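One structure below.
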Amino acid sequence: METAVEETAVKAKDVAVKGEAAIKSEFLTTKEKFHGFIDSEGQGTKTDEAGEKDGVVNETKDTPVEEPDLKKLKSEPEDRRNTGKPDGKRLRGQNKSRPHTKPTTYDEKRLCVSVTRDNRECSYGDKCHFYHDVAEYMASKPTDIGESCYLYETFGKCGFGLSCRFAKAHTTPDFKTMEKAELLKAHEGRSAVKNSLSKDLQTRLRKREVAFNKSAEYLKILSDSKDKKEQQGNGDALALEVSADPSGEKQTVPTEAQASLDKQSPVKTVGPLTDADIIKLRSCEKKQVDFNDKLYLAPLTTCGNLPFRRVCKRFGADITCGEMAMCTNLLQGQQSEWALLKRHESEDVFGVQVEGCFPDTMTRCAELINNNTDVDFVDINSGCPIDLVYKKGGGCGLMTRTRKFEQIIKGMNYVLDVPLTVKIRTGVQEKSNIAHKLIPAMKNWGVSMITLHGRSREQRYTKLADWDYITTCADLASPVPLFGNGDILSYEDAMKARQTGVSGIMIARGALIKPWLFTEIKESRHWDISSSERLDILRDFSNFGLEHWGSDTRGVEKTRNFMLEWLSFMCRYIPVGILERVPQKINERPPYYMGRNYLESLMASQNVGDWVKISEMLLGPVPKNFNFLPKHKANAYK
């Protein structure tokens, strides 16, 4: 005869919904009880449940405090109820019409720069819209968030002075900013972040005064070869062969074109003339990167920012890559796009990912990156599935435009002194894989490493990654390293992936759901991380964010927005101690469950308002006009 505990477990398994993770029955709850517990801030609900079990109703239940509109649990909107679409349909895609308030709008009136810089006379005079009276500004400034300033304690000085939201920590009664001499001296002349866009380079890019000599050489060869091909009427000849196989044996261009390049005089240089000034580096002479058996943090749009990458580096990520940058925006000197190339000193193996669809712009962009940034490799994004990129021929579109793809790879290889890598998908259509046809060709085009996401463009995340197909492609790619990507959320998933013969593993959503995954893989264990440890991770992120984006109101709110985007993924994590079956699979969604404490329950909520509560623990109250919806609608509601 089964015990009561066994009966409860059997019932829990019977009612388990397909696609939901198996959670121990004692933690399972209903939607109403879960949100009642969260809204009452952990008071009353659990004891009420105990009272109900004993047949006693607890009459001392605390009444939940009514929250602002944003934090209320809303019922299903009418327009959704009446569509008749299945649940999966309405919850897919992006919140394209989501409210977006720029962080600049949260500052009603700021302190004039002339005041913050040694009280110089303001050049705008009476026309200036900012405060010039420090006392008046301090009286209208929002309340400070905390007593300690991370920038002041870490670097000895806060560059945001009086506008810092932690200004009490480093401001005297007469509104002077304090400094710590020893810390200042320790950090003197040291820059933790590289690859910033200088004002001079930005000006030259906008005026089109930047010279792209190597790109011009390549494009001339490409044009000459095209003309010659048209004259001969021979469609079999390739426009250009700049081969750079993994062994680095050769790099050749058409004989006539190469002869003309050899006759050109060396470039004028300041200082000694080196071989690199007059001789193009062969692949074997380029900077080499050991990609084998590494854990690679994927270039994640929006969430893969520099502070997040620093968190992942602490947990053991070996290779990091900047977010996808549009080559045309980089060539135009857009500050926001160049910010995606920034590299922190902790990122020892770092690359940048660029997207484009034409050989001329991609080659020039590669030369621009090569000459003005410090990177270990450059990655071509030919796997981006979004319509904005695909419809103009970029991202996944390159996989079907092999001639352009070839010209882009060879052109970028021609101008780069670092390895060139490529990220692809299995194909565009769901049942028509084409990666296996491209990979042998890419080996001859000069690619140093290939990353394969085991899904097609059409699939997005509706199906599991096809690791059998990744295994086939890894064999075809040899000896070029091939990294596998898709559905890795535990060290067991990583072990299975390594058995397929891939050279390494790329981790994307898994790192967003649990950034400590890199530690789990390296130590071959399931980490039952506590809610307080997870909050400490978010605290580190907020500190890194304040360092990167600033500790004034703008920087705080920008940090908050990126944290909330991250929390829209992190809420999917189910603690190991709550799971009926370990490990959690990436395609399994958590049912409603009570955590082992209030904070763990709060972190399990998929309500935007509850994520805002978590951010307020670290970054203070949100502004009055604050509004947020995550980029992806799959897990959030208002």
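Quick one: how many residues across the range 515-562 are in a loop (DSSP other than H, G, I, E, B) and among the aromatic types (Phe, Trp, Tyr)?
The qualifying residues number 2.
Anything in the range 351-373 that is part of a helix (DSSP H, G or I), open to solvent by 10 Å² or more (accessible area, probe 1.4 Å) and hydroxyl-bearing (Ser, Thr, Tyr)? List them, or say none.
Answer for the range 351-373, where residues must be part of a helix (DSSP H, G or I), open to solvent by 10 Å² or more (accessible area, probe 1.4 Å) and hydroxyl-bearing (Ser, Thr, Tyr): just Thr361.
With respect to Val389, is the statement that it is over 23 Å from Ser223 (Cβ atoms), among the aliphatic types (A, V, I, L, M) and over 17 Å from the mean Cα position of the chain (by Cα) true?
Yes.
Is it the case, given these coordinates, that Ser530 is touching a helix residue (DSSP H, G or I) at 6+ places or on another chain (Cβ under 9 Å), more than 16 Å from Phe308 (Cβ to Cβ), surrounded by fewer than 21 Cβ atoms within 10 Å (Cβ to Cβ) and not charged (D, E, K, R)?
Spelling it out, Ser530 is indeed touching a helix residue (DSSP H, G or I) at 6+ places or on another chain (Cβ under 9 Å), more than 16 Å from Phe308 (Cβ to Cβ), surrounded by fewer than 21 Cβ atoms within 10 Å (Cβ to Cβ) and not charged (D, E, K, R).
Quick test of your reading of the structure: Leu330 fulfils all but one of (1) aliphatic (A, V, I, L, M); (2) in contact with a Phe, Trp or Tyr (Cβ under 6 Å, 6 or more places away or on another chain); (3) surrounded by 21 or more Cβ atoms within 10 Å (Cβ to Cβ). Name the failing condition by number.
Going through (1) aliphatic (A, V, I, L, M); (2) in contact with a Phe, Trp or Tyr (Cβ under 6 Å, 6 or more places away or on another chain); (3) surrounded by 21 or more Cβ atoms within 10 Å (Cβ to Cβ) one by one, Leu330 breaks only (2).
Please enumerate the residues belonging to the range 377-392 that are touching a residue at least 24 places away in the same chain (Cβ under 8 Å), open to solvent by 10 Å² or more (accessible area, probe 1.4 Å) and not hydrophobic (A, V, I, L, M, F, W, C).
Those that are touching a residue at least 24 places away in the same chain (Cβ under 8 Å), open to solvent by 10 Å² or more (accessible area, probe 1.4 Å) and not hydrophobic (A, V, I, L, M, F, W, C): Asn381, Pro385, Tyr390, Lys392.
Please specify each residue of the range 147-164 satisfying the condition of being open to solvent by less than 20 Å² (accessible area, probe 1.4 Å), outside any helix (DSSP H, G or I) and farther than 18 Å from Ser114 by Cα.
Within the range 147-164, Cys149, Gly156 qualify.
Does the range 472-494 hold any residues that are farther than 25 Å from Arg581 by Cβ and open to solvent by 40 Å² or more (accessible area, probe 1.4 Å), and which are they?
Of everything in the range 472-494, those that are farther than 25 Å from Arg581 by Cβ and open to solvent by 40 Å² or more (accessible area, probe 1.4 Å) turn out to be Thr472, Asp475, Leu476, Ser478, Pro479.
Filter the range 602-636 down to the residues that are in contact with a strand residue (DSSP E or B) (Cβ under 8 Å, 6 or more places away or on another chain) and either among the aliphatic types (A, V, I, L, M) or surrounded by 21 or more Cβ atoms within 10 Å (Cβ to Cβ) (or both) and list them by number.
Passing the criteria: Ala604, Asn607, Val608, Ala636.
Please go through the range 168-202 and pick out each residue that is assigned to a loop (DSSP other than H, G, I, E, B) and hydrophobic (A, V, I, L, M, F, W, C).
Phe175, Met178, Ala192, Leu197
Suppose we filter the range 533-580 for residues that are out of contact with any Cys (no Cβ under 9 Å at 6 or more places or on another chain), open to solvent by 20 Å² or more (accessible area, probe 1.4 Å) and under 28 Å from Phe155 (Cα atoms); how many remain?
Residues meeting the conditions: 12.
Would you confirm, using the coordinates I've provided, whether Lys109 is modelled with pLDDT of 65 or more and of a type outside the set (Gly, Ala, Ser)?
Spelling it out, Lys109 is indeed modelled with pLDDT of 65 or more and of a type outside the set (Gly, Ala, Ser).
For the range 133-141, state whether one or more residues are outside any loop (DSSP other than H, G, I, E, B) and farther than 24 Å from Lys624 by Cα.
The answer is no, given that none of the residues of the range 133-141 is outside any loop (DSSP other than H, G, I, E, B) and farther than 24 Å from Lys624 by Cα.
Do you know which of the residues in the range 199-229 that are free of Cβ contacts under 8 Å to residues at least 40 places away in the same chain and among the polar types (S, T, N, Q) is surrounded by the fewest Cβ atoms within 10 Å (Cβ to Cβ)?
For the range 199-229, the residue satisfying everything is Ser223.
It is to be established whether one or more residues within the range 583-606 are acidic (Asp, Glu) and assigned to a helix (DSSP H, G or I).
yes
Kindly list, by first and then second residue, each pair from a residue in the range 519-540 that is among the small types (Gly, Ala, Ser) to a residue that is surrounded by fewer than 17 Cβ atoms within 10 Å (Cβ to Cβ), limited to pairs with Cβ atoms under 8 Å and residues at least 6 apart or on different chains.
Every condition considered, the pairs that remain are Ser524/Met495; Ser531/Arg596; Ser531/Asn597.
Take the range 331-350 and flag every residue that is under 14 Å from the mean Cα position of the chain (by Cα) and assigned to a helix (DSSP H, G or I).
Listed by number, the residues that qualify are Glu337, Ala339, Leu340, Leu341.
In the range 182-191, is there at least one residue being surrounded by 13 or more Cβ atoms within 10 Å (Cβ to Cβ) and at pLDDT 90 or above?
yes
Can you find even one residue in the range 234-252 that is open to solvent by 90 Å² or more (accessible area, probe 1.4 Å), outside any helix (DSSP H, G or I), at pLDDT 85 or above and within 28 Å of Phe405 (Cα to Cα)?
no
State whether the residues of the range 287-308 include one that is in contact (Cβ under 8 Å) with a residue 60 or more places away in the chain, closer than 17 Å to Val447 by Cα, surrounded by fewer than 22 Cβ atoms within 10 Å (Cβ to Cβ) and touching a Ser or Thr at 6+ places or on another chain (Cβ under 8 Å).
yes
Going through the range 305-330 one residue at a time, which ones are within 18 Å of Ser382 (Cβ to Cβ) and assigned to a loop (DSSP other than H, G, I, E, B)?
The answer is Gly322, Glu323, Met324.
Do we have any residue at all in the range 273-281 that's at pLDDT below 95 and surrounded by 14 or more Cβ atoms within 10 Å (Cβ to Cβ)?
Yes; the residues of the range 273-281 include at least one that is at pLDDT below 95 and surrounded by 14 or more Cβ atoms within 10 Å (Cβ to Cβ).
The values are calculated or read from the model by the stated rules, or taken from the named source; none is laboratory data. Nothing here was measured: the structure is a model prediction, and the numbers come from that model. Positions of Cβ are backbone-derived with ideal geometry, glycine not excepted, and every protein chain shown enters the neighbour counts. For accessibility, only protein heavy atoms count, side chains too; no ligands or nucleic acids. Shrake-Rupley method; radii C 1.70, N 1.55, O 1.52, S 1.80 Å.
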